[in-house]
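Undergrad: My questions will all concern the structure given below.
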There are 2 protein chains.
Amino acid sequence: MMHGKGHGPHAHCCDMRGMLSFLILFLLSKKPMHGQELAKELEKRKGDKPSPGTIYPALKALKEAGLIREKKSGKTITYSLTEEGERVLRFSKRQFCRIFMGVFPNRE
Amino acid sequence: MMHGKGHGPHAHCCDMRGMLSFLILFLLSKKPMHGQELAKELEKRKGDKPSPGTIYPALKALKEAGLIREKKSGKTITYSLTEEGERVLRFSKRQFCRIFMGVFPNRE
DNA sequence: TGTTATATATTGGACAACCGATATATTTAA
DNA sequence: TTAAATATATCGGTTGTCCAATATATAACA
């Protein structure tokens, strides 16, 4: 919990430290995915594929924060947002847009 | 040096670890500022003011990387981008837009 | 069956981003 | 001149992001 002020452990987002978690939350909101799908999507965007040591701890933290849920099926685990995850993502997107206003070349 | 692949020390940007440096670079490109002005601009965007322990080490690292230059005048130091800083910012902005494509509600 | 490939997971080490506290220099006010 | 305010700077500690290496479980193949 805690996104308003600087205190509290972890940041699901928007502290500058929570950007990977934020991006993962955003990607999963568009389509539930398992870890490797997520890694490939991140590779498309960033240019190189995050290692397992990056992606799985991030997913674990999001799950422990109650923002995503798992659905296991054979060797894959599909992740999707919880209600709380949706709520946090909405908040984080507004925050993100305020912080990086002007960086995207579109309007303003 | 080094922005393409994962190696090398520090990231001026876009690794997820370099987001503050990236934002600082962007803000200074719009208007040269001293540290406190920068802190106030960040406060406007993020909602709370970064502490000196956040902002000054970041400026120091950018300076040591040759991306910004200082101009001292009395008790204030005005920071502005070097040629290399401009170049890196252009690269980083493209990278940023690719990574966060779709997050801004405008056109993606 | 055993081999190989895929998905998930952890560990150790490095660096970036953060705060609160503290310290120093300069400017302004008393 | 002394005191207070402002700007810059550093220190210690915590968390998040990152990789390479390693480990385990399941699936697909030989």
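Undergrad: Could you figure out which of (1) closer than 23 Å to B:Arg45 by Cβ; (2) at pLDDT 95 or above; (3) open to solvent by less than 70 Å² (accessible area, probe 1.4 Å) isn't true of A:Arg94?
TA: (3)
Undergrad: Within the stretch B:70-108, how many residues are closer than 30 Å to A:Leu89 by Cα and in a strand (DSSP E or B)?
TA: 0
Undergrad: Related question: Scan the stretch B:57-64 and give yes if some residue there is closer than 23 Å to B:Lys93 by Cα, assigned to a strand (DSSP E or B) and of a type in the set (Gly, Ala, Ser), otherwise no.
TA: Scanning the stretch B:57-64 turns up no residue that is closer than 23 Å to B:Lys93 by Cα, assigned to a strand (DSSP E or B) and of a type in the set (Gly, Ala, Ser).
Undergrad: Any residue in the stretch A:59-82 that is in contact (Cβ under 8 Å) with a residue 12 or more places away in the chain and at the interface with another protein chain (Cβ under 9 Å from one of its Cβ atoms)?
TA: Scanning the stretch A:59-82, I find no residue that is in contact (Cβ under 8 Å) with a residue 12 or more places away in the chain and at the interface with another protein chain (Cβ under 9 Å from one of its Cβ atoms), so the answer is no.
Undergrad: Can I ask one more? Yes or no: B:Glu86 charged (D, E, K, R), more than 8 Å from DNA strand D (Cβ to nearest atom), under 11 Å from the mean Cα position of the chain (by Cα) and away from chain A (no Cβ under 14 Å)?
TA: Considered against the rule, which asks whether it is charged (D, E, K, R), more than 8 Å from DNA strand D (Cβ to nearest atom), under 11 Å from the mean Cα position of the chain (by Cα) and away from chain A (no Cβ under 14 Å), B:Glu86 comes out as yes.
Undergrad: Just to verify a result, which residue in the stretch B:31-52, among those that are in a helix (DSSP H, G or I) and in contact (Cβ under 8 Å) with a residue 24 or more places away in the chain, is surrounded by the fewest Cβ atoms within 10 Å (Cβ to Cβ)?
TA: To start, the set of residues in the stretch B:31-52 that are in a helix (DSSP H, G or I) comprises B:35-46, B:52.
Now drop any that are not in contact (Cβ under 8 Å) with a residue 24 or more places away in the chain, which leaves B:35-36, B:38.
Details: B:Gly35: 17, B:Gln36: 12, B:Leu38: 21.
So the residue we want is B:Gln36.
Undergrad: A follow-up question, please. Of the numbered conditions (1) over 29 Å from B:Leu42 (Cα atoms); (2) touching a strand residue (DSSP E or B) at 6+ places or on another chain (Cβ under 9 Å), A:Pro52 satisfies every one except a single condition; which is it?
TA: (2)
Undergrad: Go through (1) out of contact with any helix residue (DSSP H, G or I) (no Cβ under 6 Å at 6 or more places or on another chain); (2) more than 10 Å from chain B (Cβ to nearest Cβ); (3) of a type in the set (Val, Ile, Thr) one by one and return the number of the condition A:Ile55 breaks.
TA: Just one mismatch for A:Ile55, condition (1).
Undergrad: Hey, A:His10 hits all of (1) away from every other protein chain (no Cβ under 14 Å); (2) over 21 Å from B:Gly47 (Cα atoms); (3) at pLDDT below 95 but one; which does it fall short on?
TA: (2)
Undergrad: Keeping to the stretch A:89-108, report how many residues are within 11 Å of another protein chain (Cβ to nearest Cβ) and touching a residue at least 60 places away in the same chain (Cβ under 8 Å). Give the derivation first.
TA: The first filter runs over the stretch A:89-108 and keeps only residues within 11 Å of another protein chain (Cβ to nearest Cβ), leaving A:89, A:92-108.
Narrowing further to those that are touching a residue at least 60 places away in the same chain (Cβ under 8 Å): A:89, A:92-93, A:95-96, A:99.
So the answer is 6.
Undergrad: A further question on this structure: Give the stretch B:55-76 a look and list any residue that's surrounded by 15 or more Cβ atoms within 10 Å (Cβ to Cβ), of a type in the set (Val, Ile, Thr) and within 10 Å of DNA strand C (Cβ to nearest atom), or say none.
TA: Answer for the stretch B:55-76, where residues must be surrounded by 15 or more Cβ atoms within 10 Å (Cβ to Cβ), of a type in the set (Val, Ile, Thr) and within 10 Å of DNA strand C (Cβ to nearest atom): just B:Ile55.
The values are calculated or read from the model by the stated rules, or taken from the named source; none is laboratory data. All values reported here derive from a predicted model rather than from experimental measurement. FYI the Cβ positions are ideal-geometry reconstructions off the backbone, even for glycines, and counts take in every protein chain you see. SASA here: full protein model, heavy atoms, side chains in, ligands and nucleic acids out. Shrake-Rupley method; radii C 1.70, N 1.55, O 1.52, S 1.80 Å.
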